[in-house]
1. Which count do you get for residues in segment A:147-171 that are facing chain B (nearest Cβ under 8 Å) and not in a loop (DSSP other than H, G, I, E, B)?
2. Scanning for something aliphatic (A, V, I, L, M) and within 28 Å of A:ALA154 (Cα to Cα), does segment B:228-237 turn up at least one residue?
3. Which one of the conditions (1) surrounded by fewer than 21 Cβ atoms within 10 Å (Cβ to Cβ); (2) free of Cβ contacts under 8 Å to residues at least 40 places away in the same chain does A:PHE148 fail to meet, given that it meets all the rest?
4. Name the single residue, out of those in segment A:38-56 being touching a residue at least 40 places away in the same chain (Cβ under 8 Å) and more than 21 Å from A:PRO71 (Cβ to Cβ), that is nearest to the chain's Cα centre (by Cα).
5. Given (1) part of a strand (DSSP E or B); (2) modelled with pLDDT of 95 or more, where does B:ARG174 come up short, assuming only one miss?
6. Among the residues of segment A:119-143, which ones are more than 9 Å from chain B (Cβ to nearest Cβ) and within 14 Å of B:LYS261 (Cβ to Cβ)?
7. Checking the structure you have, find out if any residue of segment B:132-151 is farther than 29 Å from A:SER114 by Cβ, of a type in the set (A, V, I, L, M) and either in contact (Cβ under 8 Å) with a residue 12 or more places away in the chain or loosely packed, with under 15 Cβ neighbours inside 10 Å (or both).
8. Tell me, yes or no, whether segment A:107-116 has at least one residue that is free of Cβ contacts under 8 Å to residues at least 24 places away in the same chain, surrounded by fewer than 22 Cβ atoms within 10 Å (Cβ to Cβ) and under 26 Å from B:LEU188 (Cα atoms).
Amino acid sequence: MNNLIVYCEIDDGTVVDVSLELLTKGRTLANTLGCKLEAVAIGSKLDKIGGQVFPYGVDVLHLFDDKRLYPYTSQPHAAILVKLFKEEKPQVALMGASCIGRDLGPRVSSAAGSGLTADCTQLEIGDHTEAKEGKTYHNLLYQIRPAFGGNIIATIVNPVCRPQMATVREGVMKKAIYDENYKGEVVKHDVSKYVSDTDFAITVIDRQMTKSKINIKSAPIIVSGGYGVGTKENFKLLFDLANLLGAQVGASRAAVDAGLCEHERQVGQTGVTVHPKLYIACGISGQIQHIAGMQDSSIIISINSDPNAPINSIADYVITGKVEDVIPKMIKYYKKNTK
Amino acid sequence: MQPQNKLNSMSLKIIVLAKQVPDTRNVGKDAMKEDGTVNRAALPAIFNPEDLNALEQALRLKDAYPGTTITLLTMGPARAAEIIREGLYHGADGGFLLTDRAFAGADTLATSYAISMAIRKIGDFDLIIGGRQAIDGDTAQVGPQVAEKLKMPQITYVEEILGVKEGTITVKRRLEHGVETVEGKLPLLITINGTAPECRPRNARCIQKYKYASTPTERKTVEPAFPELYENRPYLNLTEWSVADVNADPKLCGLSGSPTKVKAVESVVFQAKECRTLSDSDSDVESLVKELLGNKIIG
């Protein structure tokens, strides 16, 4: 009771990365809280899920296995979580800020009358005093996220309602095996007690899923462009440099919104979080929501015509100049010095 | 979109959820005050971009199914009446503004409660369409929460409405790794992705028709040029609803109805690193490339 629960998203019989990352974070938080880590898997043919999640330190795995539960639709999964939360009374519930988590989380939070914070970039445990009531709440989940287009960082708490719910994007937390031999308990639930036929109101008639060809998450070098790159032609220069360096091309939200680059390449709070050894930021001013997604890069080079661009303050090297002048020079001197 | 058989033509009653948001994409240097709070006055207020994508989908349904009506619903301060007017200029048929001090400070849960009560007040509808998320919070929560409060199905991340036939809607969803086609029986709520087509421009005829449309609060603030208009043309009188008007419980609205509390807000200060500043000269760029190669960062 009052444990920490992680909703595990399943793709074709495999728990997806963001859920494993949350199990890793959840294990740490559960240790701080002195409670158990529970996982929920909802879908079809879930026999192999236990083997996948127990090494992450899961104490209890709840299984809801029914062929109607895969592929995901909102209401059956929400109905299961709402009833399970009533029974188990978890103090914290975490899910990925994926298309599924962002569809499911709010629906569950509304039914549970409980607060939900989207796209957290940090989760911590701490106390909170409500000044008005003069009451102190202990061991709350601090849900930390950039807000207001990334101009501020807010710490959100849910003093009273349970569970305290949060979503986190893929790549923000790091997944790590807790103990290869960790053994937890499996609880198989009777799905018919949780879901009614009317919950199957939406029918998936076709799915065309492709493994994305663009994968910037684990790229060792990223050449990233912002609004300051200006044009699609200039963006091509970034691709030229990236091809030469064996790098991937990333982008800021402003560049994606302006149509300079596809959304799959967006780095930041509402895009992908990256940890490359080299991040070359071209014409990126450096709003928090971008920096939240790349600040752990080992080395950051900022190329910007504005010497006072905020991103320069976290950069290791700042080149003051136009992207379209500097990138061709980098290409030229890279070629010259690697002959 | 394939209009259905004309003999079997069917009109829809659509509610479009829209929000007025500060334009966080164009934040200038004066957007933050000295004390680290947001200077809202320095930010232009705009129609939330994905809500415009949602409005376009509604307008396409109206084109395909004659007799369809579009009602806008928004919540905000008195000036959010601009959202209703903007929607009317694009081709909507009417709208309601939820405005009351008691709605202020609402998190997504309290917001969705207020909106769901207003939808109950509107009563008769087939389809609710909203943008996937608003650019000031990016939470994407209000849509699903409204659907849950109304106990109806939801379909999020919709890129295209393929059609409506015999009370069943078919849509294409754009997900991280692909596309899903799903269907469901009306009434239900859908949220529209920014990858959906942009909203058509304002319609000159609609601008003519609605340019004097205003709320009672607006007419109290600024004396209207033609006061008699509002009696002769009731469609120019935009309706404002308070907490009481939509039979909402004040305890569930605004700050008091919000389970999440903001514990702390920091404006962002970066830990300055040791940094080398270079010019864009050939010699500076070459020395940097050589250094990166020497340290095996690249190459």
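The values are calculated or read from the model by the stated rules, or taken from the named source; none is laboratory data. Nothing here was measured: the structure is a model prediction, and the numbers come from that model. Glycine gets a Cβ as well: all are built from the backbone with ideal geometry, and neighbour counts include every protein chain shown.
1. Total satisfying the criteria: 7.
2. Keep residues of segment B:228-237 that are aliphatic (A, V, I, L, M), which gives B:229, B:236.
Filter once more, so that each one left must be within 28 Å of A:ALA154 (Cα to Cα): none.
No, segment B:228-237 contains no residue that is aliphatic (A, V, I, L, M) and within 28 Å of A:ALA154 (Cα to Cα).
3. The single condition A:PHE148 does not satisfy is (1).
4. So, considering only residues that are touching a residue at least 40 places away in the same chain (Cβ under 8 Å) and more than 21 Å from A:PRO71 (Cβ to Cβ), the one nearest to the chain's Cα centre (by Cα) is A:TYR56.
5. For B:ARG174, the failing item is (2).
6. A:ASP127, A:THR129, A:ALA131, A:LYS132, A:GLU133, A:LYS135, A:THR136, A:TYR137, A:LEU141
7. Keep residues of segment B:132-151 that are farther than 29 Å from A:SER114 by Cβ, which gives none.
Checked against the condition, which is being farther than 29 Å from A:SER114 by Cβ, of a type in the set (A, V, I, L, M) and either in contact (Cβ under 8 Å) with a residue 12 or more places away in the chain or loosely packed, with under 15 Cβ neighbours inside 10 Å (or both), segment B:132-151 yields no hits at all.
8. Of all residues in segment A:107-116, those free of Cβ contacts under 8 Å to residues at least 24 places away in the same chain come to A:110.
Pick out the ones that are also surrounded by fewer than 22 Cβ atoms within 10 Å (Cβ to Cβ) and you get none.
For segment A:107-116, residues free of Cβ contacts under 8 Å to residues at least 24 places away in the same chain, surrounded by fewer than 22 Cβ atoms within 10 Å (Cβ to Cβ) and under 26 Å from B:LEU188 (Cα atoms): absent.
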